[in-house]
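The values are calculated or read from the model by the stated rules, or taken from the named source; none is laboratory data. Keep in mind that what you see is a predicted model, and the values were worked out from it rather than measured. Note that we place each Cβ from the backbone using ideal geometry, even for glycine, and neighbour counts take in every protein chain shown. Heavy atoms of the whole protein, side chains included, go into the accessibility calculation; ligands, DNA and RNA do not. Shrake-Rupley method; radii C 1.70, N 1.55, O 1.52, S 1.80 Å.
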Amino acid sequence: MKNIKPEKPCNKALLRQGGGYDHAFTMAEILLSLTIIGVVAAITLPSLTGNINERTWNTQRKALYARFSQAIALMPALNGYGTLKEETDSAGSTSIEDTAAETFVTAGLAKVMKINNICDYEHLEDCGITAKLSTLHGSTISMPQKMSELNSTMLSFSGTLGGSLGGFYDVSHSQLDTKAAAFETGNGESLVVYYNPRCISDMDVTQRFDMVQPKICANFIFDLNGNKGPNTVGKDIGFMTVLYSNDPSVVMPMPHMNDAGTSNQYNASALCTQQDKEYRLPNRDEMASIFVNKRLVDMTTGRYWTSSVVSSEYAYIVGIASGDRNKEGGRSVEDPIRCVKR
């Protein structure tokens, strides 16, 4: 029988050196892999970055609200700051001396919180304020420089209001068109303030309707990161409103982009939860803040339900067009719902 010699065992060393079955990646395969990685990164990175930015802005917004709530509570009163008077020069030209908003910051806020820089209405950008901003729906507007540019209805309104559940009432108000001021906080936020030196407390009125405007003491538009962008409402830009000269209320609602629908007040909160579990029905002061800043959130008309209940049958409704506040809105009536989150 013929002897058969066993074959030589595999030389693993040679295989490791490329003399066997190991397969090296070609340049084409490497380039293809890098291309796939790049495409995946391009798709996912903006989303990841956006989520990180949103969490950062939410944290900053809540911290800003906490600091301002504490500071406002330390101020003895919110009205009466500054000077607003008419002057006539030797040539007969009339002008208004307006130091109201600046004095509110220097003699009021600066006493109870750290403020690094203060700018008048003509130099808002020196305090990190953007000249243009994007509204909640993406429209571009100029940063308002005085109260009338923020909301012209803040200055005056006169009309008859009422509804099917009761009588009609003549309501009116007249406010001052004060110029804005800006400042930077010790934490790096930039804010514009619109101030009403004649604001009043929350008086209990005997009629069904009263107006929000006289109760607005200060309204702030804040930018959490200065001119870095995106300078968009609902992202790095938001607003905060202080109501009532005594026992003030500080609110910072962030409205949803769209109405949650139309409903009676009993079911309004449920609609907010269905729309987004982070959102809820605003209280009457939060809806008043939305009225003041309606240009920023692209709202013009409608009478919206609030969570502020007067009794088992009535709750507060706030009108976006005029600023009327109805404290005897029948809760079974169908009205629009706009939800907010803090």
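If you take the residues of the stretch 243-260 that are surrounded by 16 or more Cβ atoms within 10 Å (Cβ to Cβ) and out of contact with any Ser or Thr (no Cβ under 7 Å at 6 or more places or on another chain), which of them is farthest from Leu78 (Cα to Cα)?
Ala260
Quick check: is even one residue across the stretch 218-238 without any contact (Cβ under 8 Å) to a residue 40 or more places away in the chain, basic (Lys, Arg) and open to solvent by 10 Å² or more (accessible area, probe 1.4 Å)?
There is at least one residue in the stretch 218-238 that is without any contact (Cβ under 8 Å) to a residue 40 or more places away in the chain, basic (Lys, Arg) and open to solvent by 10 Å² or more (accessible area, probe 1.4 Å).
Which residue, of Ile141, Ile96, is of a type in the set (A, V, I, L, M) and modelled with pLDDT of 95 or more?
Every option except Ile141 fails the conditions.
Please specify each residue of the stretch 297-313 satisfying the condition of being closer than 17 Å to His256 by Cβ, open to solvent by 30 Å² or more (accessible area, probe 1.4 Å) and assigned to a strand (DSSP E or B).
Of everything in the stretch 297-313, just one residue is closer than 17 Å to His256 by Cβ, open to solvent by 30 Å² or more (accessible area, probe 1.4 Å) and assigned to a strand (DSSP E or B), namely Ser307.
On the given criteria, is Tyr316 touching a helix residue (DSSP H, G or I) at 6+ places or on another chain (Cβ under 8 Å), surrounded by fewer than 24 Cβ atoms within 10 Å (Cβ to Cβ) and in contact (Cβ under 8 Å) with a residue 40 or more places away in the chain?
No, not satisfied.
On the basis of being surrounded by 10 or more Cβ atoms within 10 Å (Cβ to Cβ) and at pLDDT 80 or above, does Leu64 make the cut?
Criteria met by Leu64.
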